[in-house]
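First comes the structure, then the notes that go with it.
Where a number appears in this text, it was derived from the coordinates with a stated rule and is not lab data. All figures in this text were calculated on a predicted structure; none of them were measured in a lab. All Cβ positions, glycine included, derive from the backbone under ideal geometry; neighbour counts span all protein chains shown.
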Amino acid sequence: MTAQTGDLLKVGEGFAQEEYYLLSTEPLESYLESAAPKLRFTPPDSSLRRGYRATWQLDKDDRLMLIDFHGYSMTEIAKGVQYLFPGQTRVFAYWFTGVLMINVGQVIEYKNRGYESVFESTIELRIKNGIATKVNWL
């Protein structure tokens with residue numbers, strides 16, 4: 001399997017410097033698996049096997065928010081959160097319970113498989129029902 005392009009976590013909104021970090025977790029997957037009808041996307045290339053990329057942010061209450069989305073099909077590129085959630089531009093990820101693996105810094109060991117590349121540092125952010133509960137630096 002080719003190394004995968006991760007979702008993004010945006011930090012620093014409202015500050016002089018906004019930054020984006022790559023995730024090695026796919027928090028939207030559990031929502032898409034339970035959606036009716038089931039939503040399927042087409043990989044634009046081998047580095048995006050799930051066929052979409054999402055951007056996330058933690059709000060001031062430590063809630064994980066979906067703030068952007070790009071999905072690919074054979075006939076179109078779906079852009080924006082409103083594609084999945086009509087009429088909304090930000091969505092609270094209430095469906096997600098798990099660990100966000102946040103990659104920090106440069107790649108120090110590239111591996112051409114999934115999310116196995118090693119970065120300078122990794123942050124493990126535990127999420128329960130869409131709310132951040134614990135942070136660990138690895």
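Averaging the sequence gap over all C-alpha pairs within less than 8 Å and six or more residues apart, then dividing by the number of residues, gives the range 1-99 a relative contact order of 23 percent.
Taking only the Cα atoms of the chain, the radius of gyration and Dmax are 14.9, 42 Å.
Distances between placed amide hydrogens fall under 5 Å for THR2 paired with GLY114, all partners being 5 or more residues away or on another chain.
Given the Cα-Cα distance of GLU76 and ASP62 and 0.36 nm per residue of separation, how much length would full extension add, in nm?
Difference between extended and current length: 1.7 nm.
Between SER47 and PHE85, the modelled labels are 2.8 nm apart [label points 7 Å from Cα along Cα→Cβ]. Simple spin-label estimate for SER34 and THR97 gives 1.0 nm between the two label positions (7 Å along the Cα-to-Cβ direction from each Cα). The lysine pair tally for the range 1-137, using Cα distances under 24 Å and a gap of 8 or more places or different chains, is 8. Considering only ALA78, ALA54, ALA35, the mean-square fluctuation computed in a Gaussian network model of the chain, springs between alpha carbons under 10 angstrom, is largest for ALA35.
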